[in-house]
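The next block holds one structure in the form of structure tokens; read it before the comments.
The values are calculated or read from the model by the stated rules, or taken from the named source; none is laboratory data. What you are looking at is a predicted structure, and each value in this text was computed from that prediction instead of being measured. Ideal geometry is used to build each Cβ from the backbone, glycine not excepted, and the neighbour counts take in all protein chains shown.
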Amino acid sequence: MKRSEANVSNDAALAISRAGGKSFRNNVGKAWSGKKTEEYTKNGKRYVVLENPRFIDFGLMKGSADRIGWVPTEITKDMVGQTFARFASWEIKTAKGRATKEQLRWHEAVSRDGGLSGFCRSADDAVRVCNGERLDP
């Protein structure tokens, strides 16, 4: 059965939670925002008129992962035995999905700076990232 990215993301979110991690959907994009003054349909298409429109960016940045969050990590004895939140980044892909240049740069930066990062095609992959495995595309 062909699985959508949304299905894989939902399964990954549950698996990350069960593994002790916390993850949040990171929607990245651009949109118009403003007060809706009118809405109508013409030739089967829907239109909205905005008052005082402004263009907004949302999400962390282009290339940042679909799911971000943290995994509790125990610091070793020589580090006082405390627990800290280790940044984690899960890029969700379908079986045939490909990584963009921006996603590869994000993945490399997170990994290089000590975070957990991986390209996940299943809930099992998401758990592997929680366990510290770097999953390249």
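It is to be established whether one or more residues within the range 89-107 are at pLDDT below 95 and more than 26 Å from residue 2 (Cβ to Cβ). There is no residue in the range 89-107 that is at pLDDT below 95 and more than 26 Å from residue 2 (Cβ to Cβ).
Name the single residue, out of those in the range 111-130 being free of Cβ contacts under 8 Å to residues at least 60 places away in the same chain and part of a loop (DSSP other than H, G, I, E, B), that is nearest to the chain's Cα centre (by Cα). Step by step, filter the range 111-130, then rank; the result is 115.
Residue 81: part of a loop (DSSP other than H, G, I, E, B), on the phi > 0 side of the Ramachandran plot and either of a type in the set (Gly, Ala, Ser) or at pLDDT below 95 (or both), yes or no? Spelling it out, residue 81 is indeed part of a loop (DSSP other than H, G, I, E, B), on the phi > 0 side of the Ramachandran plot and either of a type in the set (Gly, Ala, Ser) or at pLDDT below 95 (or both). Checking each residue in the range 101-123 for being over 18 Å from residue 70 (Cα atoms) and of a type in the set (Lys, Arg) picks out 101, 105, 121. Filtering 9, 17 for residues that are touching a residue at least 60 places away in the same chain (Cβ under 8 Å) and among the hydroxyl-bearing types (Ser, Thr, Tyr) leaves a single hit, 9. Applying the condition of being out of contact with any helix residue (DSSP H, G or I) (no Cβ under 9 Å at 6 or more places or on another chain) and of a type in the set (Val, Ile, Thr) to the range 15-65 and asking which residue is nearest to residue 132 (Cα to Cα) yields 28. When residues in the range 32-72 are screened for being within 30 Å of residue 98 (Cα to Cα), surrounded by 10 or more Cβ atoms within 10 Å (Cβ to Cβ) and not charged (D, E, K, R), 14 of them pass. You will find that of 108, 91, 133, 102, the residue that is in a loop (DSSP other than H, G, I, E, B) and acidic (Asp, Glu) is 133 and no other.
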